[in-house]
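Asks: My questions will all concern the structure given below.
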Amino acid sequence: MSASSYYGRYTCCEDAAQAAYQELSSPGIPIPLLPVLKRCGVQPVLSSSLTQGAAGCLYLHEGRWYMALRSGTPVDEQRLSIAEEMGHFLLGHPMCGGQIRCFDRSLSGPRQASERFAVRFLIPACQLPEGPLSPDFLAGRFVVPRLFLLSHLSLLTSDRERARTGTNPGKPHTMETESPDTVPG
């Protein structure tokens, strides 16, 4: 499958990260990410020109996708950066730029969606252990930054519970309300 057929592939999925995990990931914890890039037609490259901000950047140049990774960045940060960038890519987020196009980082909605995608893709609810979730244990097992885990621990806890009860982890939980037919007139 070509890279262009993966761009935006999961835009309409209720649980995009779970769908991508099932289709693209290889067995193993932590999830091997280089095969995911390869399946999506994205070429990883090490870059010494990335000096600030994210540990990596996915970009399109002359019809080909590249994942630039900052040299010397810890593996957990690289994995997070790859997963967030793949979230932008697979969810079809808007791009900016001229000859070299990258995802528009000025938009907060896509940035937040890509972070949620990353945590759900790297740490699927079906792989979470029973009992209290320890950020140190999860960071070591799934090779993701501890600080990132701390900011998404409630999402992971909620996803694990929804996975157990059979509700969709990727869809926000809403309270049941009475239908208009049952409300007294």
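Asks: I want to confirm something. Restricting to the range 47-70 and keeping residues that are more than 16 Å from the chain's Cα centre (by Cα) and at pLDDT below 90, which single residue is most open to solvent (accessible area, probe 1.4 Å)?
Replies: Here the residue is Gln52.
Asks: Just need a number here: residues in the range 102-127 that are free of Cβ contacts under 8 Å to residues at least 60 places away in the same chain, open to solvent by 30 Å² or more (accessible area, probe 1.4 Å) and over 18 Å from Tyr59 (Cβ atoms).
Replies: Adding up the residues that qualify gives 5.
Asks: Report whether or not Gln18 is in contact with a Phe, Trp or Tyr (Cβ under 9 Å, 6 or more places away or on another chain), open to solvent by 30 Å² or more (accessible area, probe 1.4 Å), at pLDDT below 95 and not small (Gly, Ala, Ser).
Replies: yes
Asks: Ok, one more. Can you confirm whether Ser5 is free of Cβ contacts under 8 Å to residues at least 24 places away in the same chain, surrounded by fewer than 20 Cβ atoms within 10 Å (Cβ to Cβ) and farther than 23 Å from Phe142 by Cβ?
Replies: Yes, satisfied.
Asks: Same structure, new question: With over 21 Å from Ile100 (Cβ atoms), at pLDDT 90 or above and open to solvent by less than 60 Å² (accessible area, probe 1.4 Å) as the only criterion, which of Arg79, Arg39 stands out?
Replies: Going through Arg79, Arg39 in turn, just one is over 21 Å from Ile100 (Cβ atoms), at pLDDT 90 or above and open to solvent by less than 60 Å² (accessible area, probe 1.4 Å): Arg79.
The values are calculated or read from the model by the stated rules, or taken from the named source; none is laboratory data. All values reported here derive from a predicted model rather than from experimental measurement. Glycine also receives a Cβ, built like all others from the backbone with ideal geometry; neighbour counts cover every protein chain displayed. For the accessible areas, the whole protein counts, side chains as well, though only heavy atoms, and no ligand, DNA or RNA atoms are used. Shrake-Rupley method; radii C 1.70, N 1.55, O 1.52, S 1.80 Å.
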